[in-house]
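Okay, structure first, notes after.
The values are calculated or read from the model by the stated rules, or taken from the named source; none is laboratory data. What you see is a predicted model, and the numbers here were worked out from it, not measured in a lab. Backbone-built Cβ (ideal geometry, glycine too); neighbour counts: all protein chains shown.
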Amino acid sequence: MKKKILQTQPYKGTKDWYPEDLQERNFIFDTWIKVAQRYGYEEYDTPLLEEASLYRVKSGDEIANNQLYSFKDKGNREVAIRPEMTPSLARLVAKRKNELTFPLRWFNIGKYYRYERPQKGRNREFFQLNIDILGVSEISAEVEIIQYITDVMREFKAPKESYELRISSRDLLNYLFDEIIKVEKEMRKKLSRALDNYLKMEENLFKAYLEELGLNREQVEKILGFLNWEISDLKNIQNESKGAKQLVELFEILDRLNTPSVVFSPSIVRGLAYYTGIVLEMFEVKQGERPRAMFGGGRYDNLLEIFGKEKIPAFGLGWGDETTLNFLKYNNLLPQYSNNIDIFVCLMDNKLLTETLSLTSFLRSKDLNVLQQLKTIKLSKQIKYADRKKIPYIAILGEDELNKGVIQIKDMNSRNSFLIKKEDIIAKMNGS
RNA sequence: GUGGAUGUAGCUCAAUAGGUUAGAGCAUCGGUUUGUGGAACCGAGGGCUGUGGGUUCAAGUCCCAUCAUCCACCCCA
């Protein structure tokens with residue numbers, strides 16, 4: 001019988017996280033968390049598994065069926081691995097709606113699965129930060145989340161020109177559809193997708209595409225006009241369009257706050273699902289390349305409808321790990337890898353094992369991260385090992401040191417070593 | 001789901017036109033005498049050439065299938 005040899009590569013669309021990789025990921029997570037807490041947001045979590053129906057309520061949604069990892073459990077329940085956070089968030093909020101104190105400011109960093117064709121920045125398993133504010137219908141909610149984004153980018157030390165936060169409004173889009181070109185439901189869907197692609201396509205091709213969809217010349221010209229609107233144009237229609245009014249207000253505030261890298265961009269649409277007002281999308285800007293989307297978010301005021309509860313105004317975003325990692329790598333903003341080990345304790349002789357271990361325990365009790373050599377090999381090998389691991393100090397406790405009642409400490413950078421009483425080690429290491 | 005490109009050691013790549021036992025650099029491990037690292041020199045391990053089948057005296061190389069990766073669509077809740 002031939003033995004089946006297993007492959008070492010991970011399941012399609014997933015990846016392994018070696019210590020160096022995990023440290024990069026944690027750098028992102030730590031930054032997200034640190035800034036979120038600075039804004040008073042509280043962390044929550046939900047199960048990885050949910051009943052599949054939670055994602056199927058938006059019936060007819062092909063995506064929910066095709067890209068959902070789902071299966072029947074042993075009790076014949078249809079279960080799905082969560083592909084996004086928002087329905088779960090809605091569930092948690094709906095369940096305790098009457099006892100929660102609004103506004104609610106919550107965040108979570110979690111793992112998600114989507115069954116789709118992997119490509120750059122898009123895997124089947126991915127992580128996402130979800131940060132949401134619930135219970136505020138005013139534009140100040142948008143402002144706060146945008147400030148959060150800006151602060152995270154600042155923590156990342158991302159140059160202003162390396163990214164661009166594009167903002168638009170679903171209400172403004174509806175104004176275009178209802179008042180300017182007057183189109184019906186089906187056409188809106190197709191048009192929304194087309195608009196989303198505007199910046200990717202050449203203008204002639206874009207025009208041709210719109211005509212192909214069945215729009216007349218006049219409508220096409222009006223759409224192109226719309227796509228070139230700036231905030232100043234919105235001021236003229238403030239009284240007719242709620243979206244325009246909100247965008248004008250939002251950008252006035254962002255301007256006064258000197259918010260970097262934010263632009264009004266009428267082509268931002270963001271999916272079709274539940275967004276109701278302001279929508280935004282973060283883009284990575286590279287020289288000589290088309291900007292690439294990093295993450296997005298928006299206002300979704302109909303959140304609790306599926307649970308038969310009263311609506312709650314909400315604004316939030318989902319920020320993925322992979323695109324962010326690519327962004328930080330490209331801009332060289334990731335910290336150098338470090339294993340955080342402070343000192344390496346050599347083992348000179350098996351007879352000295354207990355003495356050595358108690359030295360190590362002592363150092364650990366002083367809050368140092370200590371790596372202990374566990375078998376006696378040549379000292380040069382031990383030092384080499386510590387060097388490879390870039391440990392800044394090593395401690396040597398042999399017969400000589402033991403007789404004198406001292407420890408030998410070696411500073412790996414200066415290559416100097418000195419004898420010292422173990423009680424004085426901490427002060428010496430901090431002082432030097 | 002559609003179209004295209006690519007799979008050789010941990011990594012980057014070689015292997016004339018199909019022709020011995022698939023090579024090199026980097027990395028890893030060991031040694032250059034026994035309590036002191038980075039260099040240099042010497043040496044070792046590591047490959048079912050992604051997987052399965054086919055053609056052939058002979059396949060890393062040609063053909064088919066399959067899996068995976070990358071790119072462009074689709075989509076992005």
Inset, instruction - Go through segment A:11-39 and give me each residue that's charged (D, E, K, R) and either under 16 Å from the mean Cα position of the chain (by Cα) or within 16 Å of RNA strand B (Cβ to nearest atom) (or both). - result: A:Lys12, A:Lys15, A:Asp16, A:Glu20, A:Asp21, A:Glu24, A:Arg25, A:Asp30, A:Lys34
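Listed here are the residues, each with its yes/no results for (1) more than 9 Å from RNA strand B (Cβ to nearest atom); (2) at pLDDT below 95; (3) loosely packed, with under 12 Cβ neighbours inside 10 Å.
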| position | (1), (2), (3) |
| --- | --- |
| A:Ser365 | yes, no, yes |
| A:Leu374 | yes, yes, yes |
| A:Ile377 | no, yes, no |
| A:Ser380 | no, yes, yes |
| A:Tyr385 | no, yes, no |
| A:Arg388 | no, yes, yes |
| A:Pro392 | no, yes, no |
| A:Asp400 | no, yes, no |
Inset, instruction - Name the single residue, out of those in segment A:408-419 being more than 40 Å from the chain's Cα centre (by Cα) and under 20 Å from A:Lys381 (Cβ atoms), that is nearest to RNA strand B (Cβ to nearest atom). - result: A:Arg415
Inset, instruction - Please indicate, with yes or no, whether at least one residue in segment A:314-333 is farther than 29 Å from A:Arg25 by Cβ and either surrounded by 15 or more Cβ atoms within 10 Å (Cβ to Cβ) or in the same structural domain as A:Phe127 (by TED's automatic domain parsing) (or both). - result: no
Inset, instruction - Output the residue which, of all residues in segment A:197-219 that are in contact (Cβ under 8 Å) with a residue 12 or more places away in the chain, in a helix (DSSP H, G or I) and touching a Lys or Arg at 6+ places or on another chain (Cβ under 8 Å), is nearest to RNA strand B (Cβ to nearest atom). - result: A:Lys200
Inset, instruction - Give the residue that is farthest from RNA strand B (Cβ to nearest atom), with candidates limited to residues of segment A:171-196 that are without any contact (Cβ under 8 Å) to a residue 12 or more places away in the chain and part of a helix (DSSP H, G or I). - result: A:Asp178
Legend entry - A:Gln7, sole failed condition from (1) at pLDDT 90 or above; (2) over 30 Å from A:Ser137 (Cβ atoms); (3) within 16 Å of RNA strand B (Cβ to nearest atom); (4) of a type outside the set (Ser, Thr, Tyr): (1)
Legend entry - Failed condition for A:Leu359, given (1) farther than 23 Å from A:Asn403 by Cα; (2) in contact (Cβ under 8 Å) with a residue 60 or more places away in the chain: (1)
Legend entry - Members of segment A:252-294 that are modelled with pLDDT of 90 or more and on the phi > 0 side of the Ramachandran plot: A:Asn258, A:Ser261
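Residue-wise test of (1) under 24 Å from A:Val279 (Cβ atoms); (2) free of Cβ contacts under 8 Å to residues at least 40 places away in the same chain.
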| residue | (1), (2) |
| --- | --- |
| A:Asp73 | no, yes |
| A:Arg82 | yes, yes |
| A:Leu89 | yes, no |
| A:Val93 | yes, no |
| A:Leu100 | no, yes |
| A:Arg105 | yes, no |
| A:Arg114 | yes, no |
| A:Phe126 | yes, no |
| A:Ile133 | yes, no |
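Among residues belonging to segment A:174-214 that are over 35 Å from the mean Cα position of the chain (by Cα), farther than 26 Å from A:Tyr274 by Cα and not basic (Lys, Arg), point out the one that is surrounded by the fewest Cβ atoms within 10 Å (Cβ to Cβ). Even if it seems obvious, please write down each step before you answer.
First, pick out the residues of segment A:174-214 that are over 35 Å from the mean Cα position of the chain (by Cα): A:178-184, A:204, A:207-208, A:211-214.
Restricting the remaining residues to those that are farther than 26 Å from A:Tyr274 by Cα gives A:204, A:207-208, A:211-212, A:214.
Right, trim to not basic (Lys, Arg) and you get A:204, A:208, A:211-212, A:214.
Values: A:Asn204: 8, A:Ala208: 13, A:Glu211: 13, A:Glu212: 10, A:Gly214: 11.
Going through the qualifying residues, I end up with A:Asn204.
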Inset, instruction - Please work out which residue is nearest to A:Leu191 (Cα to Cα), limiting yourself to segment A:251-273 and to residues that are away from RNA strand B (no atom under 16 Å from the Cβ) and part of a loop (DSSP other than H, G, I, E, B). - result: A:Pro266
Inset, instruction - Go through the residues of segment A:297-308 one by one and say whether even a single one is polar (S, T, N, Q) and buried (at least 16 other Cβ atoms within 10 Å of the Cβ). - result: no
Legend entry - Wholly within segment A:70-135, strands (runs of 3 or more DSSP E) carrying at least 2 residues that are among the β-branched types (Val, Ile, Thr), within 15 Å of RNA strand B (Cβ to nearest atom) and assigned by TED's automatic domain parsing to the domain that holds A:Pro10: A:78-81
Inset, instruction - From A:Ile167, A:Ile223, grab the single residue that is modelled with pLDDT of 95 or more and closer than 25 Å to A:Gly297 by Cα. - result: A:Ile167
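Taking the residues in segment A:336-359 that are buried (at least 20 other Cβ atoms within 10 Å of the Cβ) and over 29 Å from A:Asp21 (Cβ atoms) as candidates, determine which candidate is farthest from RNA strand B (Cβ to nearest atom).
The first filter runs over segment A:336-359 and keeps only residues buried (at least 20 other Cβ atoms within 10 Å of the Cβ), leaving A:343-348, A:356, A:359.
Now drop any that are not over 29 Å from A:Asp21 (Cβ atoms), which leaves A:346-348, A:356, A:359.
Working: A:Cys346: 8, A:Leu347: 11, A:Met348: 6, A:Thr356: 12, A:Leu359: 13 Å.
If we take residues in segment A:336-359 being buried (at least 20 other Cβ atoms within 10 Å of the Cβ) and over 29 Å from A:Asp21 (Cβ atoms), then A:Leu359 is farthest from RNA strand B (Cβ to nearest atom).
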